[in-house]
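The values are calculated or read from the model by the stated rules, or taken from the named source; none is laboratory data. Since the model is a prediction, treat every value here as computed from it, not as a measurement. Here the Cβ positions follow ideal geometry from the backbone for every residue, glycine too, while neighbour counts run over all protein chains shown. All accessible areas refer to the heavy atoms of the entire protein, side chains included, with ligands and DNA or RNA removed. Shrake-Rupley method; radii C 1.70, N 1.55, O 1.52, S 1.80 Å.
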Amino acid sequence: MTQWNTTALAAARSLGRNSISCGLTALLPLIVGPITSGHRGFAPSLGWLLLLVFCLIVLALAIHLLFDALLFRLASSHETEAAGLAAIDDLLSRMRLRKPEKTSPSLETRIAGSRRVVRQLRFALAIGLVTFAILLFIAADGQPLC
């Protein structure tokens, strides 16, 4: 394997781990939320709606990162970097997700774009978890839930 193959595979593994772990973490408040909301009192509906929106954003970004991870795995299956990146561009143009361009972005540029999505994912997850903690506090009226 060449250097770019290992870089693409490492990026695919990292993106896959980030998307799965953050996606499952976002599902936790959606599962536990309805159970705890009826325990003691009722938290504002707007708060639960806000939590739902942020969790859905996290899930959408996690799916986006899984798709990026699959694209990097596709690229790493080719012998040269140019062929791998051309395969990604061809797939994206056939899916009508990107118009064909004369110059293809480099592997580093694509990885940097995926890292920006990871930062957005983590930020949305943090806001969702803080919102969930606030809603739990409001639902419990400052008393422990147990």
_Relative contact order %, the stretch 1-137, counting alpha carbon pairs below 8 Å whose residues are six or more apart_ = 40 percent
*Working with all protein chains in place, sort Phe132, Phe67, Phe123 by solvent-accessible area computed with a 1.4 Å probe, largest first.*
Phe123, Phe67, Phe132
*asked:* Give me the percent of accessible area attributable to carbon and sulfur for the chain, probe 1.4 angstrom.
replied: 68 percent
*To one decimal place, what orientation-averaged projected area in nm² is obtained for the convex hull of the Cα set of the chain?*
10.3 nm²
*So what's the angle, to the nearest 10 degrees on a 0 to 90 scale, between helix 107-140 and the longest Cα principal axis of the chain?*
10 degrees
_Per residue accessible area in Å² of the chain, where ligands, DNA and RNA are left out and the probe is 1.4 Å_ = 61 Å²
*asked:* So if I place +1 on the C-beta of Lys and Arg and -1 on the C-beta of Asp and Glu, and nothing else carries charge, what would the dipole magnitude of the chain be about its Cα centre? I want it in debye, nearest 20.
replied: 120 debye
*Collect residues whose amide H, placed 1.01 Å from N in the peptide plane, falls under 5 Å from the amide H of Ser77; neighbours closer than 5 in sequence don't count.*
none
*Please calculate the 1.4 Å probe accessible area of Ile134, with all protein chains present, and give it to the nearest 10 Å².*
90 Å²
*Using a 1.4 Å probe and counting only protein heavy atoms, arrange Glu79, Glu108 so the residue with the most accessible area comes first.*
Glu79, Glu108
*Rounded to the nearest 0.05, what FRET efficiency do Ala112 and Ile134 have when you use their Cβ-Cβ distance and R0 = 41 Å?*
0.75
*Calculated FRET efficiency for the pair Arg119/Glu79, C-beta based, R₀ 30 Å, to 0.05*: 0.40
_If I ignore ligands, DNA and RNA and count only protein heavy atoms, how much of Val32 is accessible to a 1.4 Å probe, in Å² to the nearest 10?_
50 Å²
